[in-house]
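A.B. asks: Attaching a single structure in structure tokens format; questions to follow.
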Amino acid sequence: MNKNKSSARVIAFYLPQFHPVPENDKWWGRGFTEWTNVGKARSLFPGHYQPKVPADLGYYDLRVPETRKAQADMAREYGVEGFCYWHYWFGNGKRLLERPFNEVLASGEPDFPFCLAWANESWRGFFHGIKAKETLIDQLYPGKEDYIAHFNAVLPAFKDRRYITVDDKPLFMIYHPFDNQREVNVFMKLWRELAMQNGLKGIFFVGQTYHLDDERAGLEAMDFDAINVVRMFEYERKQRSLYRKARRWHNWFGLPWIVNYEKASRFFVADEDSDKNIIPTIIPNWDHSPRSGKQGLVLHHSEPEYFERHMKDVMMHLEGKPLEHRLVFVKSWNEWAEGNYLEPDLRYGKKFLEVIRKYVEEG
């Protein structure tokens, strides 16, 4: 998509999973991918939309180039500028789920823009569908030698003509800026120096937060170029005491935490999203129960008509920004086990994608 012919720069988070890796074989059983959780999901209460079945693209394998091209072609057709691939570097050179992106980079296909988001967190607890005390792999910050090796590993991507830039700098997101703040500061300073030494104009660092009110000052002090704010849980925080009681009640009866999408989505955008250095997040849906059962959050009745109102709200907050900075992230393109995706399913087809195209393309 030509960003100069759009009213916003829509970038969708992309999970490079959906292919077997030795670690998943060890932790979950041979052949495990997220499709395993998606396929075994069941409806947990009346009207609960599960299981979710992929339509046009099917239960794909991301080792297949034709699949990756079909995803990119679909995203481009419906107004998505590029994919933001989740990038896993655990320290000391340890990577996971790198094969799909590495093949995209090496092959030059699909010819579709991309950037990287460093998912700098240990794999444990609720969001990974395991018991809170279990740890599958730790996120480490070994020091400058590792940060240099990390930079050199992604430098070919930064220099690729497909890489998404802002102000001529490659965009790189850090998922947990405060995971080890001192080391993240060292990391960012070093990477900016290395970027200049390697012929780049710098790096456009984006820090992600779910708590903008509490963390904005800290992120700005860390010299992030922009902040991506995710307000998926804002509705719950606004109703804290009521929701704590309701959550306990649901769990006692073996139900997940159920929140009406129409009500929750009214809190997905706020006035601060009009600021030049704040990047809002588009949230089409969410249902974590395939991974976590009754401990999961379900945004119930995530219907295209409510999503359209949310999309319109996002676009209104982007209007005053220069196009180069009219960025917005979609959470997500293909997080199927979180019930968080734009790819077509059997119930809604391409209706969510059609909403994005309607509001992104001029005219």
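A.B. asks: Which numbered condition in (1) closer than 26 Å to L353 by Cα; (2) out of contact with any helix residue (DSSP H, G or I) (no Cβ under 6 Å at 6 or more places or on another chain); (3) open to solvent by 50 Å² or more (accessible area, probe 1.4 Å) is the only one that G82 fails?
C.D. replies: Result: G82 fails condition (3) only.
A.B. asks: Only one of these is among the acidic types (D, E) and closer than 16 Å to P280 by Cα: E193, E234, E183. Name it.
C.D. replies: E234
A.B. asks: Does E308 satisfy the condition of being open to solvent by 10 Å² or more (accessible area, probe 1.4 Å) and at pLDDT 95 or above?
C.D. replies: yes
A.B. asks: When both residues are 6+ apart or on different chains and their Cβ atoms are under 7 Å apart, which pairs have a first residue that lies in the range 146-172 and is among the basic types (K, R), and a second that is in a strand (DSSP E or B) and modelled with pLDDT of 95 or more?
C.D. replies: Matching pairs, first to second residue: R162/F114; K169/F204.
A.B. asks: Of these, G296, G320, which one is over 27 Å from F114 (Cβ atoms), open to solvent by less than 10 Å² (accessible area, probe 1.4 Å) and not hydrophobic (A, V, I, L, M, F, W, C)?
C.D. replies: Answer to the selection: G296.
A.B. asks: I would also like to ask the following. Enumerate the pairs (first residue in the range 178-199 and of a type in the set (K, R); second residue anywhere and surrounded by fewer than 18 Cβ atoms within 10 Å (Cβ to Cβ) and assigned to a loop (DSSP other than H, G, I, E, B)) with beta-carbon separation below 7 Å, excluding pairs fewer than 6 apart on the same chain, so at least 6 apart or on different chains.
C.D. replies: These pairs meet every condition: R192/G202.
A.B. asks: Can you name the residue in the range 22-79 that is among the acidic types (D, E) and closer than 27 Å to L299 by Cβ and, of all such residues, is nearest to the chain's Cα centre (by Cα)?
C.D. replies: Of everything passing the filter in the range 22-79, E34 is nearest to the chain's Cα centre (by Cα).
A.B. asks: Inspect the range 183-191 for any residue being surrounded by fewer than 19 Cβ atoms within 10 Å (Cβ to Cβ), acidic (D, E) and in a loop (DSSP other than H, G, I, E, B) and give the result as yes or no.
C.D. replies: First, pick out the residues of the range 183-191 that are surrounded by fewer than 19 Cβ atoms within 10 Å (Cβ to Cβ): 183, 185-186, 189-190.
Pick out the ones that are also acidic (D, E) and you get 183.
Filter once more, keeping what is in a loop (DSSP other than H, G, I, E, B): none.
Looking for residues that are surrounded by fewer than 19 Cβ atoms within 10 Å (Cβ to Cβ), acidic (D, E) and in a loop (DSSP other than H, G, I, E, B), one finds none in the range 183-191, hence no.
A.B. asks: Could you tell me which residue of the range 323-353 is farthest from A270 (Cα to Cα), considering only residues that are open to solvent by 10 Å² or more (accessible area, probe 1.4 Å) and assigned to a loop (DSSP other than H, G, I, E, B)?
C.D. replies: Once the filter is applied, the top-ranked residue is L346.
The values are calculated or read from the model by the stated rules, or taken from the named source; none is laboratory data. Being a predicted model, the structure only gives us computed values, none of them experimental. Positions of Cβ are backbone-derived with ideal geometry, glycine not excepted, and every protein chain shown enters the neighbour counts. What goes into the accessible areas is simple: the full protein's heavy atoms, side chains included, and nothing from ligands, DNA or RNA. Shrake-Rupley method; radii C 1.70, N 1.55, O 1.52, S 1.80 Å.
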